[in-house]
Amino acid sequence: MTSLVQPVRVFIDPVEGTPAAVEARRWVWPLLILALCVSASGTLFSLRWDAAPDVIRELQSSGEMATISEADLTDKIQTTTRKALVGGIAKGVFVMPMTALLLAALLWVVSWLFDRSTNFEKLMSVAALSLLPIALYHGVLALCISAQHTLSAARLAQLVPSNLGVLMTDLSPKMARVASTVDFFNLWSTVILGLGFSAATGMSRGRALLLAVVLYAMFAGVMMVGLPGVQMAGGGR
């Protein structure tokens, strides 16, 4: 029971709960919670998603709508829905644990660069614990999705408005991507990452939090601003 209570304590008292969970090397339960919540939100979305408008819009933008038959359109809508179901489950079961592992590996490299090498299992705990706010987001999202009869992809982004990009609707596409980086759950994860890294390596909390903010800024700049901008410039979706 203690192995489950310690990660949950991170939500209530991150300043004291995070170091305790890192020292106890609690990473299994956080990963299980993360996988369950992400899989639940992805699965429920695929069941509630009305894929027809999004598929038709995509076919119209590519010029295929005029040549596709009604039977092929129905098959494409069903295939898209099935892909969303499989993708939602796979994201929780495979992608998120792999993300935690890659984050732990990155933290190991950073600790080595700052001459703060530590046990890798502690860094794995830091990575898993820092993703708990993301698990909470998907848990809340799953509850919101379950209350919907049908759902569109655009509506999904507005169910849990946690970033400035959703709240500020009059921004340009570029500024909206920048504003989306100011996200409550992502910043919460960043704080836990800094506190955990401090506990795992002995680095002062101030420096560890600053380091976590820098790492998040780099991640957000590439994954949330840079790559989507390149995709839009190239005509991607």
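Residues that are of a type in the set (V, I, T), open to solvent by 60 Å² or more (accessible area, probe 1.4 Å), within 29 Å of L47 (Cα to Cα) and over 20 Å from the mean Cα position of the chain (by Cα): does region 162-185 have at least one? For region 162-185, residues of a type in the set (V, I, T), open to solvent by 60 Å² or more (accessible area, probe 1.4 Å), within 29 Å of L47 (Cα to Cα) and over 20 Å from the mean Cα position of the chain (by Cα): present.
Considering only region 121-237, give the helices (runs of 4 or more DSSP H) lying wholly within it that have at least 2 residues that are in contact (Cβ under 8 Å) with a residue 12 or more places away in the chain and within 23 Å of L85 (Cα to Cα). First the steps, then the outcome.
Details: elements: 132-146, 153-159, 164-167, 173-180, 184-201, 205-219, 227-233.
Passing ranges, in order: 132-146, 153-159.
Do the conditions hold for L107, that is, is it within 29 Å of A20 (Cα to Cα) and modelled with pLDDT of 95 or more? Yes, satisfied.
The values are calculated or read from the model by the stated rules, or taken from the named source; none is laboratory data. Keep in mind it's a predicted model, so treat the numbers as computed, not measured. Ideal geometry is used to build each Cβ from the backbone, glycine not excepted, and the neighbour counts take in all protein chains shown. Surface areas here come from the heavy atoms of the whole protein model, side chains and all, with no ligands, DNA or RNA. Shrake-Rupley method; radii C 1.70, N 1.55, O 1.52, S 1.80 Å.
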